[in-house]
Amino acid sequence: MFIHMSIHHPNPGYEQEVLDSMNRVRLAALGTPGLIQIGPWREEAGGRVIGIAMWESRAHWEAALPALFAAGFEPMFVFPGGDRPPTSWALRRGPLKFDFMLLEVAGDRFRYKNYALHGGSPSYRVCEIPAQPLEDVSFLGRTWLKTRDHDAELTALYGNWRVPEPGWDYLSGPAIVESGPWDPSGFRWSR
């Protein structure tokens, strides 16, 4: 399964613009083979905009890319780059960037990789979060899938996620189980 979850903290007054942009991703991807679920919502308290997209496999995700490109999304990066198998894709539409990462099952954990050009030399991180079953939740008149224990997932990703941490950076998040140098040659996308 290929899952993307994003949590945005828009600047005050820009919440609807972020939600509208995430809905353009949803509309562009609807009907693509292998799509299980996609859509954003705005948190009633806290102002966060949250989105989730799930495809049956990485191959289904990659097959959906032309529909996203046709809807105005532009490729930015594919990681790690070169001849190495991709594990992360970044798309842009206007000023917003969307990151999609491959989640792999590793025992009782979901494992994914991220990459960084900031914070010193280019580096990668292997992160793990609890693998959980998904369950239905009704929201905004629709049925969505979410992890059974969202608190466990958010805590694994961010630590104390209930308290805003303006300086938080994914380079030192609690989900990291491995890190090392990364050769960024060839990570730019060409289509």
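Every number here is computed from the coordinates shown, using simple stated rules; none is lab data. Bear in mind that the values here come from a model prediction, so they are computed numbers and not experimental data. Virtual Cβ from ideal backbone geometry, glycine too; neighbours counted across all protein chains shown.
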Exercise for review: For mean projected area of the Cα convex hull in nm², several values are listed as [x] 12.1; [y] 10.5; [z] 11.2; flag the one computed from this structure.
Suggested key: [z]
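Net charge around E15, counting only other residues with Cβ within less than 10 Å of its Cβ (Lys, Arg = +1; Asp, Glu = -1)? Could the numbers behind the result be given before it?
Values: positive: R42, R48; negative: E17, D20, E43.
Neighbourhood net charge equals -1.
Using the count of nearby Cβ atoms within 10 Å as a rough guide to exposure, how do I50, I176 rank from fewest to most? Each step should come with its number before you reach the end.
On the way: I50 20, I176 14.
Ordered by Cβ neighbours within 10 Å, fewest first: I176, I50.
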**Study point:** Net charge of neighbours whose Cβ lies under 11 Å from the Cβ of G119, counting Lys and Arg as +1 and Asp and Glu as -1
**Key:** 0
Study note, to complete from the structure: Dividing the mean separation of Cα pairs under 8 Å (6+ apart) by the residue count of the chain yields a relative contact order in percent of 19
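Local charge sum around A71 (other residues, Cβ-Cβ under 12 Å, Lys/Arg +1, Asp/Glu -1)? Could the numbers behind the result be given before it?
Working: positive: R24, R26, R93; negative: E74.
Overall, the nearby charge balance is +2.
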Study note, to complete from the structure: With the 8 Å Cα cutoff and a minimum separation of six or more residues, region 87-159 has a relative contact order in percent of 19
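If I take every Cα pair under 8 Å that is 6 or more residues apart in region 10-88, average their sequence separation and divide by the length, what percent do I get for the relative contact order? Mind dumping the intermediate values first?
Working: 89 pairs, mean separation 20.1, N = 79.
It comes to 25 percent, rounded to a whole number.
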**Study point:** Paramagnetic label zone (point 7 Å from Cα along Cα-to-C-beta, R84; backbone N under 17 Å) in region 159-191
**Key:** 171, 177-190
